[in-house]
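Notes for the one structure printed next.
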Amino acid sequence: MKTKFKISLALLLLATISNAQHTVILKNATPQASATLAGGNSVVIGDGAGNALANSAGQNTFVGFISGMSNTTATDNTFIGWGTGSGTTTGTYNTFMGRSAGGANVAGNSNTYLGSLAGLNSTGSGNIFIGFGAGRDELGANKLYIANGATATPLIWGDFADSRLKFHAKVAIGGNVSTAFGNFPTTAGGVNVSNYNLFVKGGILTDEVRVALSTTWADYVFAKDYQLPTIKEVEKFIDDNGHLPNVPSAKQVKEEGIELGEMAKIQQEKIEELMLYIIQQNKRIEALEAKLNTK
């Protein structure tokens, strides 16, 4: 039984080894004449794989039905899977793994596509696509896609040429090898933060933070119809509440934290109110001085 199996396997597979070119070709049918001795230092396994290889096309590895079938003079490609890199003719230094990955690539160089249908229709260079169908329809160059499906908004998108990176998801930063970040917070005290997209555990050190305000700046204090509280009203509010009007209390800040933009606006409001009080006091002082000078 074992002998019969070995004979059947030998009849099924035909191996051609060229010592001159250091090439191994393994197929289930007689390879084309151009592939018999072509492609130095190459490995070709699968029916139709590497059928167009020329003698100058070396250091290639094609594994799978029609993988690298159109490759003519390109070198240093690794195609593993059914139909991987089947359209590539001259593109070099590509690595395609997964059914039909990089199938439409012709002359693109230095691409890495990992996953079935990854980069299927892509023709650019310098791309990295990871995941099923990742970057399938991306026609540009130097892009990064990490996705589970053919989408223009992958989980992670990048542009190597412009040094840009996008995350189309909530992002958590922090924790360590012994303590995981944990679940994404949905509240901070009584505040709903479920729509927030970046969570950092530990701290942030940066040279500058710019906040885009969603509300107006505090110059409304200088409007003619602004109701500036009197000093006595402010004093009474402080006595009753222990903090300035329109400013969160220490208890509220401890429980809910602060919004930087909103807090900056509130502080500016108080600065502008103080300036109005100073102007009022200065007018009173000038009036008293003028009255004294008339005596």
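The values are calculated or read from the model by the stated rules, or taken from the named source; none is laboratory data. Please read all numbers here as calculations on a predicted model, not as lab measurements. We place every Cβ from the backbone using ideal geometry, glycine too, and count neighbours over all the protein chains shown.
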Can you go through V253, V221 and tell me which one is assigned to a helix (DSSP H, G or I) and either touching a Phe, Trp or Tyr at 6+ places or on another chain (Cβ under 9 Å) or modelled with pLDDT under 95 (or both)?
V253
If the Cβ limit is 8 Å and pairs must be 6+ apart or interchain, which residue in the range 163-192 that is on the phi < 0 side of the Ramachandran plot pairs with which residue that is of a type in the set (G, A, S) and part of a strand (DSSP E or B)?
R164/G158; L165/G158; K166/G158; F181/A172; F184/A172
For the range 127-183, how many residues meet the condition of being out of contact with any Lys or Arg (no Cβ under 7 Å at 6 or more places or on another chain), assigned to a loop (DSSP other than H, G, I, E, B) and not basic (K, R)?
31
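For the range 199-251, how many residues meet the condition of being under 23 Å from P185 (Cβ atoms) and free of Cβ contacts under 8 Å to residues at least 24 places away in the same chain?
Total meeting the criteria: 8.
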Would a scan of the range 135-152 turn up a residue that is basic (K, R) and closer than 30 Å to P248 by Cβ?
no
Given E259, E233, which one is of a type in the set (D, E) and over 33 Å from the mean Cα position of the chain (by Cα)?
E233
